[in-house]
Amino acid sequence: MDAVHLIKATRHALAECESVEEIVAESWQVQALAGAIGSHLAACGPQSVRTEARGLGETGRQAWHAAVSSPAGPGEAPEARADRLSQIQDPECALSDLSALLAEAGVALVLVAVSAREEGLYWQCIEAIDAADESQDRVTGILRRLKTPEHGPAA
C-alpha cells in the first residue's frame with residue numbers, strides 16, 4: 001500500500017479515537033508508520049536522503065518497540081498498520097503528510113497528558129510526544145534535503 005494512503009488511514013483512525021487508550025495506541029501507530037517510511041526511503045529513496053531516512057526509520061521503530069514492550073503498553077504486540085507499506089510514489093507528498101500527522105498526534109497526546117490522572121499514563125504520553133518530536137525533526141530534515149538540488153545551483 002502506498003505511504004500516502006496509509007497516512008490517510010492512520011489520520012482517520014486517530015480522529016476516530018474515543019478513549020485515551022485509543023489515542024495513545026494510535027500515536028504509536030504513527031511512530032510505526034514514520035519508521036516504515038524512513039526505512040523504505042533509506043533503502044529505495046534518493047541517495048541524498050538515505051542517511052536521514054535511516055535515522056527516521058530507527059527512531060520510529062525504536063518508539064514502536066518501546067511502546068509495545070513497556071509494562072504500560074498493550075501487552076501482546078498489536079499489528080502495526082505500517083507493515084502494509086509497499087511503496088512511496090511521491091516522497092515529498094508522503095513526508096509532508098507524515099509531518100502533519102505527527103503534529104496532530106502530538107497535539108492529541110498533549111491533551112491526554114494534561115488531563116491524565118494516572119502518573120503512568122502521563123509519562124507514556126510524554127514519551128510519545130518526545131518520539132513524535134524527534135520523528136518530526138527527522139522528517140523536516142529529509143524534506144529539506146529533497147528540496148535542495150544535489151549539485152548546487154545551476155550556473
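Taking θ as phi - 60° and the Karplus parameters 6.51, -1.76 and 1.60, the scalar couplings of region 81-96 work out to 3, 5, 4, 7, 5, 10, 7, 10, 5, 10, x, 5, 5, 4, 5, 5 Hz in sequence order, x denoting glycine and proline. Axis angle, to the nearest 10 degrees, between helix 50-69 and the longest C-alpha principal axis of the chain: 10 degrees. Averaging the sequence gap over all C-alpha pairs within less than 8 Å and six or more residues apart, then dividing by the number of residues, gives the chain a relative contact order of 30 percent.
Rounded to the nearest 0.05, what FRET efficiency is calculated for Ser86 and Glu16 with R0 set to 41 Å and r the Cβ-Cβ distance? Could you put the intermediate results ahead of the total?
Details: r = 24 Å, r/R0 = 0.59.
Once rounded, the FRET efficiency stands at 0.95.
Net charge dipole, the chain: roughly 620 debye, given to the nearest 20, about the Cα centre with Cβ charges of +1 for Lys and Arg and -1 for Asp and Glu. Each Lys or Arg adds one and each Asp or Glu takes one away; over the other residues whose Cβ falls under 13 Å from the Cβ of Val20, this sums to -4. To the nearest ten degrees, helix 119-147 and the longest principal axis of the Cα atoms of the chain are 10 degrees apart.
Across region 101-117, coupling constants 3J(HN,Hα) worked out from phi with the 6.51/-1.76/1.60 Karplus curve, θ = phi - 60°, read 5, 4, 5, 4, 5, x, 4, 4, 5, 4, 4, 5, 4, 5, 9, 5, 9 Hz, and Gly and Pro carry x. Of all segments of the chain bounded by GluC sites (Glu not before Pro) found in a DSSP loop with no more than 14 other C-beta atoms within 10 Å, the longest spans 19-75.
No lab work stands behind these numbers, since they all come straight from the coordinates. Only a predicted model underlies this, so the values are computations on that prediction, with no experimental measurement involved. Quick reminder, even Gly has a Cβ in these numbers, built from the backbone with ideal geometry, and neighbours come from all protein chains shown.
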